[in-house]
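Here is the structure we will look at, set down as structure tokens.
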Amino acid sequence: MVVNRNIFTYLATIFVLALALVLFITVDNSVEQFRILAIVSVGLGSLTTIFYTLIVKEGPLSRQAIEREANYKKALGQVETKPEKGAKKGKSPGDWMKEAQFYLFGCVYMFARISFNTTATIMPLYLTVVSKYEAPEGKETPLAVAAVPLCAYICQLIFSVTLQNWMTQYFRNRLIPMIFAIFVTTAGSLPMAFLGDGDTRWLIYIAACI
């Protein structure tokens, strides 16, 4: 489920970036470029939200998930014990606050999101201010602003489809994939400190893919 969610997230982002690239090529005025991009993004987002709300029935899907989990445990020979009368169902917020792993996972998730979001946020500034990519003649927005993130998200999609699920099942834990992710993120980020606006600035496409 997580892999499928990531795939659709990447597909949505790829669509927006591909549309942005087309607009940067075909529309001259930057205000019009981003106005069209915003209208299409908000419009499609609203339609998909309405579709999800009206069509996807969470109640039946939740019951199916519980039934499948029970059948899976039964197939493994695990005996499902019924909770005692009056017993608490699940953990309260106070119980979670007493768990050390709650803070550990919270920190890991927070730093992962900071790494991902910071890279995505500073990339347009890096391309225009540091790498000094310029817009084509007669246009107002550099194509690299859309093309570089587009390359990155396409590679993320390929990784999610081909390797992510295999890696999770092969290592059977999250520590080794997390260490691998830190190494790869560092390998892709460090070159950005040295590329600048010279003849090697095209390597930002490779760094973004990494």
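The values are calculated or read from the model by the stated rules, or taken from the named source; none is laboratory data. Note that the coordinates shown come from a computational prediction; the quantities given were computed from them, not determined experimentally. In this analysis, Cβ positions are derived from the backbone assuming ideal geometry, glycine residues included, and neighbour counts consider all displayed protein chains.
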Please work out which one of (1) surrounded by 11 or more Cβ atoms within 10 Å (Cβ to Cβ); (2) not in a helix (DSSP H, G or I) is the condition THR128 fails and give its number.
(2)
Report the residue count in the range 154-210 for those that are touching a Lys or Arg at 6+ places or on another chain (Cβ under 6 Å) and among the aliphatic types (A, V, I, L, M).
1
Tally of residues being in contact (Cβ under 8 Å) with a residue 60 or more places away in the chain and closer than 22 Å to LEU17 by Cα across the range 149-205:
13
Restricting the search to the range 16-29, which residues are assigned to a helix (DSSP H, G or I) and either out of contact with any Leu (no Cβ under 8 Å at 6 or more places or on another chain) or free of Cβ contacts under 8 Å to residues at least 12 places away in the same chain (or both)?
VAL22, THR26
Residue count for the range 132-177, restricted to those that are over 30 Å from ASN29 (Cβ atoms), among the hydrophobic types (A, V, I, L, M, F, W, C) and surrounded by 12 or more Cβ atoms within 10 Å (Cβ to Cβ)
9
So, in the range 98-125, exactly how many residues are surrounded by fewer than 17 Cβ atoms within 10 Å (Cβ to Cβ) and under 22 Å from PHE34 (Cα atoms)?
6
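Here is a yes/no grid of residues against (1) farther than 22 Å from SER115 by Cβ; (2) among the aliphatic types (A, V, I, L, M); (3) part of a loop (DSSP other than H, G, I, E, B):
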residue: LYS132; (1), (2), (3): yes, no, yes
residue: ALA135; (1), (2), (3): yes, yes, yes
residue: GLU140; (1), (2), (3): yes, no, yes
residue: VAL148; (1), (2), (3): no, yes, no
residue: CYS151; (1), (2), (3): no, no, no
residue: GLN156; (1), (2), (3): no, no, no
residue: MET167; (1), (2), (3): no, yes, no
residue: ASN173; (1), (2), (3): no, no, yes
residue: ALA181; (1), (2), (3): no, yes, no
Going through (1) of a type in the set (S, T, N, Q); (2) surrounded by 14 or more Cβ atoms within 10 Å (Cβ to Cβ); (3) closer than 22 Å to PHE15 by Cα one by one, SER189 fails only at (3)
Restricted to the range 193-210, and to residues that are part of a helix (DSSP H, G or I) and under 21 Å from the mean Cα position of the chain (by Cα), which residue is surrounded by the fewest Cβ atoms within 10 Å (Cβ to Cβ)?
ILE206
Considering each of GLY77, GLY90 in turn, give the residue that is loosely packed, with under 11 Cβ neighbours inside 10 Å, at pLDDT below 90 and closer than 26 Å to GLN169 by Cβ.
GLY77
Quick check, is SER41 out of contact with any Pro (no Cβ under 8 Å at 6 or more places or on another chain), among the small types (Gly, Ala, Ser) and exposed (fewer than 12 other Cβ atoms within 10 Å of the Cβ)?
no
